[in-house]
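Worksheet: one structure, shown below.
The values are calculated or read from the model by the stated rules, or taken from the named source; none is laboratory data. What you see is a predicted model, and the numbers here were worked out from it, not measured in a lab. Counting neighbours? That spans all protein chains shown, and the Cβs are built from the backbone with ideal geometry, glycine included. SASA here: full protein model, heavy atoms, side chains in, ligands and nucleic acids out. Shrake-Rupley method; radii C 1.70, N 1.55, O 1.52, S 1.80 Å.
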Amino acid sequence: MTSSLFTNARLIDPEAQSDATGWLLVKGGRIAAIGTGTPPKDADRVIDASGKCLAPGIVDIGVKTCEPGERHKESIRTAGAAAAAGGVTTMVTRPDTDPCIDTPEALAFVKRRGEQVSPVRMLPMAALTKGRAGREMTEIGFLLDAGAAAFTDCDHVVTDTKVLTRAMTYARGLGALIIMHPQEPGLSGGAAVTSGKFASLKGLPAVPPMAERIGLERDLALVEMTRVRYHADQISTAAALPALARAKAAGLDVTAGASIHHLTLNEFDVGDYRTFFKVKPPLRAEDDRLAMVQAVADGTLDIISSMHTPQDEESKRLPFEAAASGAVALETLLPAAMRLYHAGDLNLPQLFRAMALNPARRLGLDAGTLAQGAPADLVLFDPDAPFVLDRFTLRSKSKNTPFDGMRMEGKVLMTLVAGDIVFERDAA
Amino acid sequence: MSFAKRHLLGIEPLHPTEITTVLDLADRYAEMGRGTAKHGDALAGLTQINMFFENSTRTQASFELAGKRLGADVMNMSMQTSSVKKGETLIDTALTLNAMHPDLLVVRHPHSGAVNLLAEKVTCAVLNAGDGRHEHPTQALLDALTIRRAKGRLHRLNIAICGDIAHSRVARSNILLLGKMENRVKLVGPSTLIPAGAADWGVEVYDDMRAGLAGADVVMMLRLQKERMDGGFIPSEREYYHRFGLDAEKLSCAKDDAIVMHPGPMNRGVEIDGTIADDINRSVIQEQVEMGVAVRMAAMDLLARNLRATRQEGGGVYV
């Protein structure tokens with residue numbers, strides 16, 4: 001059984017909320033021991049971290065691999081490579097492919113592809129309703145047996161509350177987790193940006209922030225009724241937060257998350273109709289962004305995800321209204337998160353609580369922690385290493401990142417999955 | 001005289017002195033248009049292509065006439081019936097046309113920002129003839145010229161812009177231009193047609209037309225853009241006319257010498273009473289059309305000068 005020892009590492013433990021220098025021993029794909037004193041001497045291989053950070057690998061809920069259906073934009077292989085380079089050790093993939101993942105057969109295909117070609121772990125999610133059409137629930141039982149991590153229709157809102165109630169009740173019986181992107185589609189239909197002074201000046205169709213709260217309040221009322229396990233993903237507005245806090249205080253099994261873009265960018269970044277900044281829900285006002293960051297700090301928001309959504313050049317080189325939504329983010333998640341660290345908004349244990357520990361717990365995984373016996377899914381990174389992002393250096397097939405040309409800090413040096421190195425940055 | 005822009009994409013990037021430059025030159029072209037020798041040679045040898053992705057009669061005719069009066073070779077392309085229908089993207093269309101070496105590209109497009117996108121991809125000068133709900137700069141310039149000629153100045157005026165602000169690119173360009181020239185701008189309309197955040201634009205917002213028109217030097221009416229509305233913004237045209245249609249009674253709240261403007265085409269009996277529109281003592285609507293040609297001549301002349309200057313500096317094949 002080979003063993004590796006990281007010495008002189010800055011250990012970021014989200015469970016203990018600690019950030020201290022020490023050593024970590026990996027044996028048999030698991031974390032065998034961790035300490036701050038003199039490291040053990042019997043390791044096969046010693047890696048001197050020279051003061052860099054060692055943290056549990058990121059568990060990213062909501063990655064779109066575009067496979068099946070849109071392999072010109074991304075594939076499970078390229079998404080996996082991007083994830084490894086970004087310190088993401090578990091990709092939880094979205095079912096909004098073409099065709100969507102709404103049958104156990106489709107899920108088994110995606111799962112098998114993940115095992116064959118992805119260097120990092122891959123957990124597929126399944127659609128909540130057939131064809132993500134909001135009319136009939138999917139075979140939730142079969143899909144769970146096939147390994148579905150959670151059930152979501154992604155950006156399609158199930159508008160029929162009777163259908164949603166039944167799906168929730170059925171899922172409740174099986175203990176399945178449901179993930180929704182809350183939104184009131186009557187208000188958000190056709191919108192490209194968030195409403196306000198900027199949207200009006202640019203003449204773009206806009207959705208009022210209140211549409212998110214309306215959708216969330218509806219979902220939470222149904223959760224209260226059905227008692228399903230529920231995760232509200234893609235929360236982006238301050239107006240939605242009190243409802244979340246109330247639901248949690250009332251003891252509902254509710255968690256919530258935001259994408260890294262809504263934590264680090266705002267509506268003005270769209271500037272002169274830059275379509276790489278078109279995401280769904282749209283980038284919000286700066287007040288909303290600050291409220292999201294604060295909510296991650298105080299725990300109202302549990303999870304930060306990349307919302308990795310590859311789009312090719314043809315889908316983006318269009319007038320803003322006509323352009324596709326979404327941004328690639330597997331490789332920029334960590335450096336973007338470091339913005340929040342360097343700004344003093346969140347410390348590293350808080351960030352990895354939201355990027356690793358909480359998502360792992362929500363999905364019932366034993367990853368996301370530096371505890372003894374946990375899987376050795378680890379990321380070694382330098383939080384201070386500066387660089388200017390060139391989008392053509394990304395491993396994703398699609399290069400649609402809003403951070404192109406921006407100054408960033410934070411480089412992943414090494415990524416391990418079950419103790420195996422799946423990514424190592426060249427010394428250069 | 002200064003006008004240091006490669007394109008005319010909107011009022012937003014323009015400096016007040018650049019606006020004045022366009023208007024001063026347009027004044028001269030307006031005089032030329034009234035004379036017997038209507039022809040100049042400022043654009044001689046240049047090719048102007050009008051690309052209209054949206055129906056237009058008035059603006060396209062105005063740009064065509066402006067180009068022809070200055071000696072350009074003008075080509076009109078109605079993009080609604082062309083390769084766009086066959087699935088060609090905006091950028092491919094632009095690159096195709098660019099390969100024919102036009103000098104001036106006049107573009108109207110139903111999507112906000114589409115003209116900016118196109119301008120990034122071509123080597124000629126681009127004029128925005130209206131993009132979605134974003135900007136319509138030549139309309140704002142012709143309105144400004146009309147106001148300046150009628151009122152003798154373009155600053156410290158009390159100007160009411162009335163009606164469908166939300167769907168109007170004309171309103172956005174006018175608000176920007178009149179604000180830059182330091183006027184008091186008031187927006188009047190039902191709250192459903194006032195865009196979100198308008199109160200932060202440095203304008204006053206009224207939903208009572210009589211209060212909004214009080215003391216106005218200029219009353220600028222907008223067309224109710226029924227084709228851009230996706231659902232009921234107003235309960236009915238008759239209620240709209242009752243509350244926001246410009247008639248003699250509401251106009252009496254403005255100054256006695258207030259002028260009435262409308263970018264056309266008008267919905268008579270919806271946003272404006274026909275007798276007001278035709279009242280030669282108050283309405284400057286026909287003058288607006290006349291100034292439209294003059295302003296477009298001036299804008300294309302200035303852009304062509306910059307184009308020639310850059311090409312001479314750069315040497316290359318064009319010299």
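Points worth noting:
- Residues located in the stretch B:162-179, provided they are closer than 23 Å to B:VAL293 by Cα and away from chain A (no Cβ under 14 Å): B:LEU178
- Residue check, A:HIS342 closer than 14 Å to A:GLY410 by Cβ, away from every other protein chain (no Cβ under 14 Å) and in contact with an Asp or Glu (Cβ under 9 Å, 6 or more places away or on another chain): yes
- Residue match in the stretch A:27-34 (condition: touching a Ser or Thr at 6+ places or on another chain (Cβ under 7 Å), assigned to a strand (DSSP E or B), open to solvent by less than 10 Å² (accessible area, probe 1.4 Å) and at pLDDT 95 or above): no
- Residue match in the stretch A:117-125 (condition: out of contact with any Gly (no Cβ under 9 Å at 6 or more places or on another chain), touching a residue at least 12 places away in the same chain (Cβ under 8 Å) and not acidic (Asp, Glu)): no
- Count of the stretch A:96-116 residues which are of a type in the set (Lys, Arg) and either outside any helix (DSSP H, G or I) or without any contact (Cβ under 8 Å) to a residue 12 or more places away in the chain (or both): 1
- You will find that of B:ILE285, B:ILE259, the residue that is without any contact (Cβ under 8 Å) to a residue 40 or more places away in the chain and under 20 Å from B:ASP27 (Cα atoms) is B:ILE285 and no other.
- Verdict on A:MET225 being more than 14 Å from chain B (Cβ to nearest Cβ) and under 23 Å from the mean Cα position of the chain (by Cα): no
- Among the criteria (1) touching a Pro at 6+ places or on another chain (Cβ under 6 Å); (2) touching a residue at least 40 places away in the same chain (Cβ under 8 Å); (3) open to solvent by less than 50 Å² (accessible area, probe 1.4 Å), the one A:ALA9 does not fulfil is (1).
- The stretch B:195-214, subset open to solvent by 30 Å² or more (accessible area, probe 1.4 Å) and modelled with pLDDT of 95 or more, residue nearest to the other protein chains (Cβ to nearest Cβ): B:VAL205
- Residues in the stretch B:115-129 that are in contact with a Lys or Arg (Cβ under 9 Å, 6 or more places away or on another chain) and closer than 18 Å to A:GLY203 by Cβ: B:VAL115, B:LEU117, B:ALA119, B:VAL126, B:LEU127, B:ASN128, B:ALA129.
- Residue check, A:ALA343 on the phi > 0 side of the Ramachandran plot and small (Gly, Ala, Ser): no
Okay, residues lined up against (1) within 16 Å of A:LEU24 (Cβ to Cβ); (2) within 17 Å of the chain's Cα centre (by Cα); (3) at pLDDT 95 or above:
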| site | (1), (2), (3) |
| --- | --- |
| A:ASP345 | no, no, yes |
| A:LEU363 | no, yes, yes |
| A:GLY368 | yes, yes, yes |
| A:LYS399 | no, no, yes |
| A:GLY405 | no, no, yes |
| A:GLU409 | no, no, yes |
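- Residue match in the stretch A:63-76 (condition: crowded, with 19+ Cβ neighbours inside 10 Å, in contact with a Phe, Trp or Tyr (Cβ under 6 Å, 6 or more places away or on another chain) and not in a strand (DSSP E or B)): no
- Residue within the stretch B:241-248 that is open to solvent by 20 Å² or more (accessible area, probe 1.4 Å) and touching a residue at least 60 places away in the same chain (Cβ under 8 Å) present: no
- The residue pairs whose first member lies in the stretch A:179-199 and is more than 9 Å from chain B (Cβ to nearest Cβ) and in contact (Cβ under 8 Å) with a residue 24 or more places away in the chain, whose second member is among the hydroxyl-bearing types (Ser, Thr, Tyr) and open to solvent by 20 Å² or more (accessible area, probe 1.4 Å), and whose beta carbons are closer than 8 Å, counting only pairs six or more residues apart or on different chains, are A:PRO185/A:THR159.
- Subset of the stretch A:200-209 that is among the hydrophobic types (A, V, I, L, M, F, W, C) and not in a loop (DSSP other than H, G, I, E, B) - its residue that is farthest from the other protein chains (Cβ to nearest Cβ): A:VAL207
Residue-by-condition table, conditions (1) within 14 Å of chain A (Cβ to nearest Cβ); (2) at positive phi; (3) in a helix (DSSP H, G or I):
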{"residue": "B:ILE234", "(1), (2), (3)": "no, no, no"}
{"residue": "B:ARG238", "(1), (2), (3)": "no, no, yes"}
{"residue": "B:GLU249", "(1), (2), (3)": "no, no, yes"}
{"residue": "B:CYS253", "(1), (2), (3)": "no, no, no"}
{"residue": "B:ASP257", "(1), (2), (3)": "no, no, no"}
{"residue": "B:GLY264", "(1), (2), (3)": "no, yes, no"}
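- For the residues B:ILE165, B:ILE159, B:ILE147, the requirement of being open to solvent by less than 10 Å² (accessible area, probe 1.4 Å), on the phi < 0 side of the Ramachandran plot and part of a loop (DSSP other than H, G, I, E, B) singles out B:ILE165.
- Boolean, A:THR194 is buried (at least 22 other Cβ atoms within 10 Å of the Cβ) and under 30 Å from B:LEU118 (Cβ atoms): yes
- Single unsatisfied condition, A:ALA337 versus (1) more than 14 Å from every other protein chain (Cβ to nearest Cβ); (2) of a type outside the set (Ser, Thr, Tyr); (3) open to solvent by 20 Å² or more (accessible area, probe 1.4 Å): (3)
- Of the strands (runs of 3 or more DSSP E) that lie entirely inside the stretch B:23-141, those containing 2 or more residues that are within 14 Å of chain A (Cβ to nearest Cβ) and buried (at least 17 other Cβ atoms within 10 Å of the Cβ) span B:104-109, B:125-131.
- The stretch B:275-292: number of residues that are open to solvent by 20 Å² or more (accessible area, probe 1.4 Å) and either of a type in the set (Phe, Trp, Tyr) or part of a helix (DSSP H, G or I) (or both): 6
- Residues located in the stretch A:385-417, provided they are open to solvent by 10 Å² or more (accessible area, probe 1.4 Å) and assigned to a loop (DSSP other than H, G, I, E, B): A:LEU389, A:ASP390, A:LEU394, A:ARG395, A:LYS397, A:LYS399, A:ASP404, A:GLY405, A:MET406
- Enumeration of residues in the stretch A:289-322 that are part of a helix (DSSP H, G or I) and more than 14 Å from chain B (Cβ to nearest Cβ): A:ARG289, A:LEU290, A:ALA291, A:MET292, A:VAL293, A:GLN294, A:ALA295, A:VAL296, A:ALA297, A:ASP298
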